[in-house]
Amino acid sequence: MTAGGKAHPGNFFEDFRLGQEIRHATPRTVTVGDVALYIGLTGSRFALHSSDEFARSLGYRSAPLDDLLAFHFVVGKTVPDISLNAIANLGYADCRFGAPVYAGDTLSAQSTAIGLKENSNRQTGVVYVRSTGTNQRGETVLDYARWVMVRKRDPNAPVAAATVPDLPAAVTPDKLTLPTDIDLSRYGNAVAGSPHRWGDYAVGERIDHRDGMTIEESCHMTATRLYQNTARVHFNQHAEKDGRFGRRIVYGGHVISLARALSFNGLGNAFRIAAINGGRHVAPSFAGDTIYAWSEVKEKADLPGHRDAGALRLRTVATKDQPCAEFPDKGTDGRPHPAVVLDLDYWVLMPR
Amino acid sequence: MTAGGKAHPGNFFEDFRLGQEIRHATPRTVTVGDVALYIGLTGSRFALHSSDEFARSLGYRSAPLDDLLAFHFVVGKTVPDISLNAIANLGYADCRFGAPVYAGDTLSAQSTAIGLKENSNRQTGVVYVRSTGTNQRGETVLDYARWVMVRKRDPNAPVAAATVPDLPAAVTPDKLTLPTDIDLSRYGNAVAGSPHRWGDYAVGERIDHRDGMTIEESCHMTATRLYQNTARVHFNQHAEKDGRFGRRIVYGGHVISLARALSFNGLGNAFRIAAINGGRHVAPSFAGDTIYAWSEVKEKADLPGHRDAGALRLRTVATKDQPCAEFPDKGTDGRPHPAVVLDLDYWVLMPR
Amino acid sequence: MTAGGKAHPGNFFEDFRLGQEIRHATPRTVTVGDVALYIGLTGSRFALHSSDEFARSLGYRSAPLDDLLAFHFVVGKTVPDISLNAIANLGYADCRFGAPVYAGDTLSAQSTAIGLKENSNRQTGVVYVRSTGTNQRGETVLDYARWVMVRKRDPNAPVAAATVPDLPAAVTPDKLTLPTDIDLSRYGNAVAGSPHRWGDYAVGERIDHRDGMTIEESCHMTATRLYQNTARVHFNQHAEKDGRFGRRIVYGGHVISLARALSFNGLGNAFRIAAINGGRHVAPSFAGDTIYAWSEVKEKADLPGHRDAGALRLRTVATKDQPCAEFPDKGTDGRPHPAVVLDLDYWVLMPR
């Protein structure tokens, strides 16, 4: 029992065991209410997630949820067990999206501790987990590895020998999936809002997504609460005023969603995020920041089992208070441009 | 290809051709999620849009969407093609609402360029469009003319001879519609929240709607994103700080919605907006403004085919930071009271 | 007819009659959209209200609405008739929750004036009402007494002799209800997010709920508008800047919802609020305040007809800008700790 009584203080580094399996709380039936709020908070306008008619014309049951919305729900569930005492979200890897998520589905999440490594200061350690989101039929909708730096409760607590998992630098294209009954022959450019198909993109091509979106406290907090993500730094100004930044920090996932929504202009036919290879929250974002984004095509690949679609590996860079017409990027010294807040490496699917 | 690569910069004046037909992107399945968010952002409380039971008692399938919510969805779709480079929304005319919109319907929008007129400075021109919103059965839910001032990409670009369409000053009552299977005999004043029926209103009568609603950045941005309206001035503080007003401008349609929601107090039985004759955004609104409204009855008319309902032509004036007990209006010089932000001329339906 | 014309100024003290029955306007079909927005605005994460699958496993038709969400809808409906001219919400008593509310249900509200007492200054009086919320089948979902201080229109208006109703200090456990077809044998702690069941709590036990949630103007206004609550002090900064506090006041019910959402950490298995015995909004809350909460177990009771569940009578205290590790409470002089904003006495149900 802790000082707070039955309230849980969250897990500390020494609470984790290698191979430990954690079933996360609060299953969530996702609904058209979540979809409306997601559009309202991000401005996303991909046709597949916006229109049941469009989705059905491609073989979907109805409009599937935005892949990132499903991602945020699953990540949110893991927070109370994994990262409530996290100092930093260090990375994501090998994130693959599986079964489409439809309004009415109920999502659950579970994690396995796949790596533990105490830091040399003995104050903190890195916890590696593989987390899986499933629907009510037990189908995997999302699967990813994530590592976070977690405080120790007691610096002197003994911990097991370090184990660091071997994680792929990128998801290989053979692991990207799209249900076999999806048929893109009826996909229409005009209705989707972009004339550019998979074949029109070239490796190395860059796109400035042009628009900017200013973040408000209410918007990022509402989004993060919608995902039932309880990480404290997003919500408590009274505590954060004395914290490292003096302000609430925007959930990094909200910045990913804004960048994806902005990327519609130039990537409007990227109808699915199939995988996230890795991502770095280069700098924190705060209310008042205006997010801009640009993308680069890193790789092109066939999509197994689908002649009518291809995969694009993208790098999307988001900045704050910095338009992206000149593609702000790493300098010659390898350090990120000071305005960069996000550097995301992922695979999208696009009709051919 | 533009500097931004595949991102579209929006159309400029010389990109439009008289008679050009544009099918707008991103069909939208409207849902109870949109309805909840609309109530949350406007405070609207008309019984017809709030209660399936009430709606069914009148012959509706379920609660139809607020007419303005449908309007905002359709307008939002037209923005990327029509008004992304607009300097000013100059006007609306001949806006008629058709088939009721229900949760589950999918809305699409198309426009025809019906007029083009270059301004004498050759920097800009006025584009006139007729835009139509349809549901998944192809039924028209909304039809209106709109004209906007759009920048030219190149002042020297040649343009066609000026064509200005002939638009009616007001929708005539014979063009107002209500489905024939709607029966208002079971309409109850108590449940709807107003004792005043069509016969109780007199031409020339004025109503102060009393309440005020303060606009927050988060609220107007969330509403405007919900409509997938991408007009840049609403969202990007980083750019707008150097713009004409130094601030983000509130989507004029949000002000219309606030005025309509406020008008419930005094016009609670105005269960449908049947047409918008014209409207003027007299001045921009910004976060922090408190919107008040008053209305005047301009005309009364029978409703074709419905003995149990009548039409009221209203003028609703919205102000900022100015209560409306004294009906702030044009001065003797014909200039609007400095607090006025909106002057809307429209037809509502009311049970007799 | 008032100065504002057909707009209603709200009822004044002398407008009420003992025994008067008021049917409140604007029936409301509650939807998954409302549920999503409620989660987005409060961060609530009780499994029963979050997951249809979890709810069905216990015998519910689908996830019932959060009891407080139903409460806010019913209270909101009463505002235009009861408390638009209220100076203060003085108290609640004998509030009992009945039939579960499901998405798709339509809620209506009616009130009876059960007490009237003019204050000695003759400027104001106290109105006592019993209000009932019902669904479309006429089943009671909520029933409570409430008293508010209301302005008189005319201090000299004659009023009836004072009548003060006899209200219970607390709902007795025999009046707590849970549908008989609810079976908690399949209730899972892991999925619900708490290892603590009814038997684990002791009278006198205190719990610090640890987290804090900062209120934004946009969040409390959106919540309060969602409930179609029209009390003016929440929405109009232009008027409130000259009011008692110089600021908009947060709807007290929003603070209750935040405290309940925070209480998940320590009371995660309190799956239902069965009754509210009384509550005091000790001090107003404003945007910028960070709400914390702690709870104390006041009483334990069997639940009639249910061997698998028990009732806990809780007192939950919410503070602003004051963490609750030391349980800020009344001082030896009986006066509340200056940070306390809410002191709520209620019954929750928990599986045994």
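Within the range A:78-94, the residues that satisfy the criterion of being open to solvent by less than 10 Å² (accessible area, probe 1.4 Å) and either β-branched (Val, Ile, Thr) or at pLDDT 95 or above (or both) are A:THR78, A:VAL79, A:ILE82, A:ALA93.
Taking B:PHE71 as the residue in question, decide whether it is over 21 Å from C:VAL35 (Cα atoms), of a type outside the set (A, V, I, L, M) and surrounded by 24 or more Cβ atoms within 10 Å (Cβ to Cβ). Yes. Taken together, the residues in the range A:220-240 that are hydrophobic (A, V, I, L, M, F, W, C) and under 17 Å from the mean Cα position of the chain (by Cα) amount to 4.
Scanning the range A:225-236 for residues that are part of a helix (DSSP H, G or I), touching a Phe, Trp or Tyr at 6+ places or on another chain (Cβ under 9 Å) and open to solvent by 10 Å² or more (accessible area, probe 1.4 Å) returns A:VAL233, A:HIS234. In this structure, is C:GLY253 touching a residue at least 40 places away in the same chain (Cβ under 8 Å) and among the small types (Gly, Ala, Ser)? Judged against the criteria, C:GLY253 is a match. For C:SER194, the criteria (1) in a loop (DSSP other than H, G, I, E, B); (2) open to solvent by 40 Å² or more (accessible area, probe 1.4 Å) hold in every case but one, which is (2). Among the conditions (1) exposed (fewer than 15 other Cβ atoms within 10 Å of the Cβ); (2) within 14 Å of chain B (Cβ to nearest Cβ), C:THR163 misses just one, which is (2). Of all the residues in the range A:17-43, those that are open to solvent by less than 10 Å² (accessible area, probe 1.4 Å) and of a type in the set (Gly, Ala, Ser) number 3.
Figure legend. Inter-residue proximity from the range C:190-213: first residues without any contact (Cβ under 8 Å) to a residue 24 or more places away in the chain and more than 7 Å from chain A (Cβ to nearest Cβ), second residues of a type outside the set (A, V, I, L, M, F, W, C) and part of a loop (DSSP other than H, G, I, E, B), beta-carbon distance below 8 Å, spacing 6+ or different chains. Indicated pairs: C:ASP200/A:LYS6.
Taking the range B:3-55 as the range and being among the aliphatic types (A, V, I, L, M), touching a Lys or Arg at 6+ places or on another chain (Cβ under 9 Å) and without any contact (Cβ under 8 Å) to a residue 60 or more places away in the chain as the test, the residues that pass are B:ALA7, B:ALA25, B:ILE39, B:ALA55.
I'd like the full set of residues that are part of a loop (DSSP other than H, G, I, E, B), closer than 11 Å to A:GLY305 by Cβ and out of contact with any strand residue (DSSP E or B) (no Cβ under 6 Å at 6 or more places or on another chain), limited to the range A:165-180. Hits for the range A:165-180 are A:THR177, A:PRO179, A:THR180.
Residues that are small (Gly, Ala, Ser) and within 30 Å of B:ARG56 (Cα to Cα) within the range C:130-174 comprise C:SER131, C:GLY133, C:GLY138, listed in sequence order. Would the range C:10-22 turn up any residue that is in contact with a helix residue (DSSP H, G or I) (Cβ under 6 Å, 6 or more places away or on another chain) and away from chain B (no Cβ under 14 Å)? Among the residues of the range C:10-22, not one is in contact with a helix residue (DSSP H, G or I) (Cβ under 6 Å, 6 or more places away or on another chain) and away from chain B (no Cβ under 14 Å), which makes the answer no. Within the range B:46-56, one or more residues are in contact with a helix residue (DSSP H, G or I) (Cβ under 6 Å, 6 or more places away or on another chain), more than 30 Å from B:GLN123 (Cβ to Cβ) and small (Gly, Ala, Ser). Between a residue in the range C:71-94 that is farther than 21 Å from C:ASP343 by Cα and any residue that is among the charged types (D, E, K, R) and open to solvent by 10 Å² or more (accessible area, probe 1.4 Å), which pairs come within a Cβ distance under 7 Å, given they are 6 or more apart or on different chains? These pairs meet every condition: C:ASN85/C:ARG151.
Of all residue pairs spaced 6 or more apart or on separate chains, those with beta-carbon atoms under 6 Å, a first member in the range A:97-118 that is more than 18 Å from A:LEU68 (Cα to Cα) and within 14 Å of chain C (Cβ to nearest Cβ) and a second member that is assigned to a strand (DSSP E or B) and open to solvent by less than 10 Å² (accessible area, probe 1.4 Å) are A:SER111/A:VAL129; A:SER111/A:SER131.
Per the conditions (1) open to solvent by 40 Å² or more (accessible area, probe 1.4 Å); (2) more than 7 Å from every other protein chain (Cβ to nearest Cβ); (3) more than 20 Å from A:VAL348 (Cβ to Cβ), the sole criterion not satisfied by A:LYS298 is (3).
Every test in (1) touching a residue at least 24 places away in the same chain (Cβ under 8 Å); (2) not in a loop (DSSP other than H, G, I, E, B) is passed by C:ARG247 save one, and that test is (2).
A quick yes/no check of all residues on (1) away from chain B (no Cβ under 13 Å); (2) open to solvent by 10 Å² or more (accessible area, probe 1.4 Å); (3) not in a strand (DSSP E or B):
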site: C:ALA223; (1), (2), (3): no, no, yes
site: C:HIS238; (1), (2), (3): no, yes, yes
site: C:GLY243; (1), (2), (3): no, yes, yes
site: C:VAL255; (1), (2), (3): yes, no, yes
site: C:ALA270; (1), (2), (3): yes, no, yes
site: C:ILE276; (1), (2), (3): yes, no, no
site: C:SER285; (1), (2), (3): yes, no, yes
site: C:PRO323; (1), (2), (3): yes, yes, yes
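Total residues in the range A:44-68 satisfying the condition of being within 7 Å of chain B (Cβ to nearest Cβ), open to solvent by less than 10 Å² (accessible area, probe 1.4 Å) and of a type outside the set (A, V, I, L, M): the figure is 2. Mind checking whether some residue in the range C:20-28 is modelled with pLDDT of 95 or more and under 30 Å from C:ALA192 (Cα atoms)? Yes.
The values are calculated or read from the model by the stated rules, or taken from the named source; none is laboratory data. The shown structure was predicted, so the numbers you read here are calculated from the model rather than taken from an experiment. Methodologically, a virtual Cβ is constructed for each residue, glycine included, from the backbone with ideal geometry; neighbour enumeration extends over all protein chains shown. Areas reflect the complete protein model, heavy atoms only, side chains present, ligands, DNA and RNA absent. Shrake-Rupley method; radii C 1.70, N 1.55, O 1.52, S 1.80 Å.
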